[in-house]
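Bear in mind that the values in this text are calculations on the coordinates, not laboratory data. Not measured: the values here are computed from a predicted model. So basically every Cβ, Gly included, is an ideal-geometry build from the backbone, and we count neighbours across all protein chains shown.
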Amino acid sequence: MKHLRHQLDPVIHSPVRFAIMATLNAAERAEFRFVRDTVEISDSVLSQHITTLEEAGYVRVRKRQDGRRTRTWLSLTSRGRAAFARHLEVLNQIAAGSHA
Amino acid sequence: MGGVAVSLTITYACGMLNQFSSTDRHRNPQPVRSERPLTPDDVERLERGVTRAGRWFAGYLALIGLVSAAWLTVIETTFAEGIARWLAVSAWPIFVVVVSHVAERQAVHPRGATRALAVATAIWFAAYLFAVGPFLRGTYGQQVLPWVIGSLLMSLPFFVAAARYLWRR
């Protein structure tokens, strides 16, 4: 019998990435700076984690020109939402003490 | 909310062990030292922050509903005929461009925002073209009061969607 923890998504499992996913899961899309301020991390750290999540196909990054400024929008892909929901489900099952 | 809170506690409890697992080391050659344990309070703060930041969308929908009602009333009563009507009609795309620009300046678009706006607009437009619009035009002509009431009724989808976003937790 394998413990449920093996079903946890290693990409989402980091506390910062979990917080990023939770933030984006509550929104259709959010600006990079909003996520940075909400999760309380630096630009570089957020970029690093976003790259990881983007490579996993969980986050979509879009850049748009707004006057002289470039705004970066982040959103979860449908795969990202499904992975986050599954991750939460497994965590809750572990919390409930059930095993696969 | 409770489930997420429990989840996060576990995320930290058993997750920190996996934080620098081989997968993470591969993805993050230099682990982020600033990562700190998340608490249920953090999760609530995150969710509250995102919800609060998305509240503008309720006002945005309500504004579109009110302006739509006013615009329909004007083009069907005051400027019902001639070139004035077409000038008034052309104000609508300008309004759409302006409000779209305002929307793009917001930091957060709440979940389902695009769909909510599209559904409300589709219902409003269909009602104007096929149901309420022809009925009011045929029955009351250019009388202002029926058009005010009818236009507000047609804007109900915007108001209902706005209420949902306003009271969303």
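Semi-axes of the equivalent ellipsoid for the range B:45-120, please: Cα gyration tensor eigenvalues, times 5, square-rooted, ordered largest first, whole Å.
They are 32, 11, 9 Å, listed from largest to smallest.
Taking each residue in A:28-39, count the Cβ atoms of any other chain within 10 Å of its Cβ, then average. What number comes out?
Whole-number average of other-chain Cβ neighbours for A:28-39 is 5.
Taking +1 at the Cβ of each Lys and Arg and -1 at the Cβ of each Asp and Glu, which of A:Thr23, A:Ala56, A:Pro10 sits farthest along the dipole of chain A towards its positive end, judged by Cα position relative to the Cα centre?
Result: A:Ala56, furthest along the dipole toward the positive end.
Which chymotrypsin sites (Phe, Trp or Tyr not before Pro) in the range B:103-169 pass both tests, a DSSP loop state and at most 14 other beta-carbon atoms within 10 Å?
B:Trp167
Of all GluC sites (Glu not before Pro) in the range A:1-97, which ones are in loop regions per DSSP and have a Cβ with at most 12 other Cβ atoms within 10 Å? Walk me through the intermediate numbers first.
Numbers: sites: A:Glu28, A:Glu31, A:Glu40, A:Glu54, A:Glu55, A:Glu89; in loops: A:Glu40.
Listed in order of number, the matching sites amount to none.
Tell me the label-point distance for the pair B:Glu81, B:Glu104, using the 7 Å Cα-to-Cβ offset, in nm and rounded to one decimal.
Going from the B:Glu81 label point to the B:Glu104 one covers 4.0 nm.
Quick one: compute a quarter of the convex hull surface over the Cα atoms of the range B:94-169 and quote it in nm².
6.1 nm²
From other protein chains only, count the Cβ atoms within 10 Å of every residue's Cβ in B:101-107, then give the mean. Write down the numbers at each step before the final one.
On the way: counts 1, 0, 0, 4, 3, 3, 12.
Taking all residues of B:101-107 together, the mean is 3.
Average the reciprocal distances over every distinct pair of alpha-carbons in chain A, invert the result, and give the Kirkwood radius in Å.
Hydrodynamic radius (Kirkwood, Cα pairs) of chain A is 14.3 Å.
Using a 10 angstrom Cβ neighbour count of at most 16 plus a DSSP loop assignment to flag exposed trypsin sites (Lys or Arg not before Pro), which longest range of chain A is free of such sites?
Numbers: sites that count: A:Lys2, A:Arg68.
Longest gap between qualifying sites, sites excluded: A:3-67.
In terms of the ratio Rg/(2.2 N^0.38 Å) built on C-alpha atoms, what value belongs to the range B:72-112? Before the final figure, lay out the partial values.
Details: Rg = 14.7 Å, N = 41, 2.2 N^0.38 = 9.0 Å.
Taking N as the residue count of the range B:72-112, the ratio is 1.63.
Name the GluC sites (Glu not before Pro) in the range B:62-106 that are in a loop by DSSP and that have at most 14 other C-beta atoms within 10 Å, would you?
Sites meeting the loop and neighbour criteria: B:Glu81.
For the range A:2-100, with only Lys/Arg (+1) and Asp/Glu (-1) charged at the beta-carbon, what is the dipole magnitude about the Cα centre, in debye rounded to 20? Walk me through the numbers before you get to the answer.
Details: 16 positive and 10 negative charges, 67 e Å.
That gives the range A:2-100 a dipole magnitude of about 320 debye.
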